[in-house]
Amino acid sequence: MRKLFAFLSVFPTLKDLMWEIDWSDIISTVEFNHSGELLATGDKGGRVVIFQQEQENKIQSHSRGEYNVYSTFQSHEPEFDYLKSLEIEEKINKIRWLPQKNAAQFLLSTNDKTIKLWKISERDKRPEGYNLKEEDGRYRDPTTVTTLRVPVFRPMDLMVEASPRRIFANAHTYHINSISINSDYETYLSADDLRINLWHLEITDRSFNIVDIKPANMEELTEVITAAEFHPNSCNTFVYSSSKGTIRLCDMRASALCDRHSKLFEEPEDPSNRSFFSEIISSISDVKFSHSGRYMMTRDYLSVKIWDLNMENRPVETYQVHEYLRSKLCSLYENDCIFDKFECCWNGSDSVVMTGSYNNFFRMFDRNTKRDITLEASRENNKPRTVLKPRKVCASGKRKKDEISVDSLDFNKKILHTAWHPKENIIAVATTNNLYIFQDKVN
């Protein structure tokens, strides 16, 4: 890997850390908008925090790209399903930005059951000089108005407002794991464990069920949907992955209900690696199309695979994320870590892929040079522009000076959520309740 990444910022800051960290502060999703100027995070407390990139400072070039908090709002509240006697968590499962069409920004956020469309807008002027209202908002008696005034706009401190424009509810029996906006920018899909629904962004009271894998008898259930995404250019095509390690590509032109897939991507299992845990670790936790739309990337427990959409029988590239954990699967099963759902992302040119691991490590794989690197998100390296040192894990045998033993890895520290700026080499990684932002080293 030729790229060197340097520390840019971490949230919360040390000043904020004086307050005790709560369960609700754990970050559950990270997403850049289409320009990369805004970065949104969702947490288990149902909050969305948006960070804005500072405009490049021509005098101090080193201040390029820094992000600061732009807006914070409560997206979802805890609810209770009285019919099923179930609590519905407020945790934000996914955030997806819509392309900007005017001065305002729009994003979709979802918890387990309800999707909301939010409008994020700025106000830096306020009207004054109403005829029928006092400045404090009280209404005047119309009979006391003797002259007409023309209201004027006066400058005020910048205010960022988040308002819910649409609420899409009551369409999912099971927990929503994915939302994906179509390239027509008018429709989007939402997926739960057994069904995928297609929505129109303007219509909240109905959606079309496009995939339903629920068997008539639930005892015959063998797999669930783990992720789904629309193709970036072809508005009729989407994929969904399953807990059995398969990816199905569907074409909505073929039929209204896409139960019959157009393509099935599946790699034959290596018999020498067969074990009790094979099915668990082959479950796909994330699927992402490349920006070009030619490839897709899938993440299972131990590896990242790149698939060419024209070749179904095996991936064109496979990258081992933490193969050294294969011998630890038994203990990872006992502490439930084997069920962790790691996400993955592409860089802007589709030449590098990134995904998280344990011990606050994250991995990058260069598709051209076939080199890879392990980096660590840590507060120890949080001086601005500090270059991250590559880390190495020693699987067995004698450990070298800078290597870390597999046995000393902290499985409570994990990076599940990562995002890459669409145009620059700026990355965001979430470690439990901290958001780290790194950028490539600029001389």
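Quick one: how many residues across the range 400-412 are open to solvent by less than 100 Å² (accessible area, probe 1.4 Å) and within 23 Å of residue 336 (Cβ to Cβ)?
Here is the first cut: in the range 400-412, the ones open to solvent by less than 100 Å² (accessible area, probe 1.4 Å) are 403-406, 408-411.
Among the residues that remain, those that are also within 23 Å of residue 336 (Cβ to Cβ) are: 404-406, 408-411.
Of the residues in that region, 7 qualify.
Take the residues in the range 111-139 that are touching a Ser or Thr at 6+ places or on another chain (Cβ under 7 Å) and open to solvent by less than 20 Å² (accessible area, probe 1.4 Å), then tell me which one is nearest to residue 69 (Cα to Cα).
At the first step, the residues of the range 111-139 found to be touching a Ser or Thr at 6+ places or on another chain (Cβ under 7 Å) are 115-116, 118-120.
Then drop every residue that is not open to solvent by less than 20 Å² (accessible area, probe 1.4 Å), which leaves 115, 118, 120.
Details: 115: 24, 118: 17, 120: 14 Å.
Filtering first and then ranking leaves 120.
Could you please find all residues in the range 31-57 being over 14 Å from residue 419 (Cβ atoms) and small (Gly, Ala, Ser)?
Residues satisfying the conditions are 45, 46.
Picking from 193, 205, which residue would you name as being open to solvent by 50 Å² or more (accessible area, probe 1.4 Å) and closer than 30 Å to residue 219 by Cβ?
On the way: 205 fails: closer than 30 Å to residue 219 by Cβ.
Unique residue meeting the criteria: 193.
Please state which one of 223, 219 is loosely packed, with under 15 Cβ neighbours inside 10 Å and not in a strand (DSSP E or B). Let's see the steps before the verdict.
On the way: 223 fails: loosely packed, with under 15 Cβ neighbours inside 10 Å.
The conditions single out 219.
Can you pull out every residue in the range 370-393 that is open to solvent by less than 70 Å² (accessible area, probe 1.4 Å), part of a strand (DSSP E or B) and in contact (Cβ under 8 Å) with a residue 24 or more places away in the chain?
373, 375, 387, 393
Has the range 271-293 got at least one residue that is free of Cβ contacts under 8 Å to residues at least 12 places away in the same chain, polar (S, T, N, Q), outside any strand (DSSP E or B) and open to solvent by less than 40 Å² (accessible area, probe 1.4 Å)?
yes
Please go through the range 145-184 and give me each residue that is surrounded by 11 or more Cβ atoms within 10 Å (Cβ to Cβ) and among the aliphatic types (A, V, I, L, M), ordered by number.
145, 156, 159, 160, 162, 167, 169, 171, 176, 179, 181
Give the range 182-196 a look and list any residue that's over 15 Å from residue 227 (Cβ atoms) and within 20 Å of the chain's Cα centre (by Cα), or say none.
Listed by number, the residues that qualify are 182, 183, 185, 187.
Quick one: in the range 247-258, of everything that is open to solvent by less than 70 Å² (accessible area, probe 1.4 Å) and of a type in the set (D, E, K, R), which residue is nearest to residue 285 (Cα to Cα)? Before you say what the answer is, go through the steps one by one.
So the first thing to find is which residues in the range 247-258 are open to solvent by less than 70 Å² (accessible area, probe 1.4 Å), and the list is 247-252, 255, 258.
After this cut, where a residue has to be of a type in the set (D, E, K, R) as well, the list is 248, 251.
Numbers: 248: 14, 251: 22 Å.
Only one residue tops the list, namely 248.
Anything in the range 310-342 that is open to solvent by 20 Å² or more (accessible area, probe 1.4 Å), in contact (Cβ under 8 Å) with a residue 60 or more places away in the chain and in a loop (DSSP other than H, G, I, E, B)? List them, or say none.
335, 340, 341
When only residues in the range 100-110 that are open to solvent by less than 90 Å² (accessible area, probe 1.4 Å) and in contact (Cβ under 8 Å) with a residue 24 or more places away in the chain count, which is farthest from the chain's Cα centre (by Cα)?
105
Given the criteria within 21 Å of residue 12 (Cβ to Cβ) and either without any contact (Cβ under 8 Å) to a residue 24 or more places away in the chain or touching a Lys or Arg at 6+ places or on another chain (Cβ under 8 Å) (or both), does residue 357 qualify? I'd like the intermediate steps shown before the answer.
Values: within 21 Å of residue 12 (Cβ to Cβ): no; either without any contact (Cβ under 8 Å) to a residue 24 or more places away in the chain or touching a Lys or Arg at 6+ places or on another chain (Cβ under 8 Å) (or both): yes.
It is false that residue 357 is within 21 Å of residue 12 (Cβ to Cβ) and either without any contact (Cβ under 8 Å) to a residue 24 or more places away in the chain or touching a Lys or Arg at 6+ places or on another chain (Cβ under 8 Å) (or both).
The values are calculated or read from the model by the stated rules, or taken from the named source; none is laboratory data. Remember, it's a predicted structure, so these values are computed and weren't measured experimentally. Heads up, the Cβs are rebuilt from the backbone with ideal geometry, glycines too, and the neighbour counts pull from every protein chain shown. For accessibility, only protein heavy atoms count, side chains too; no ligands or nucleic acids. Shrake-Rupley method; radii C 1.70, N 1.55, O 1.52, S 1.80 Å.
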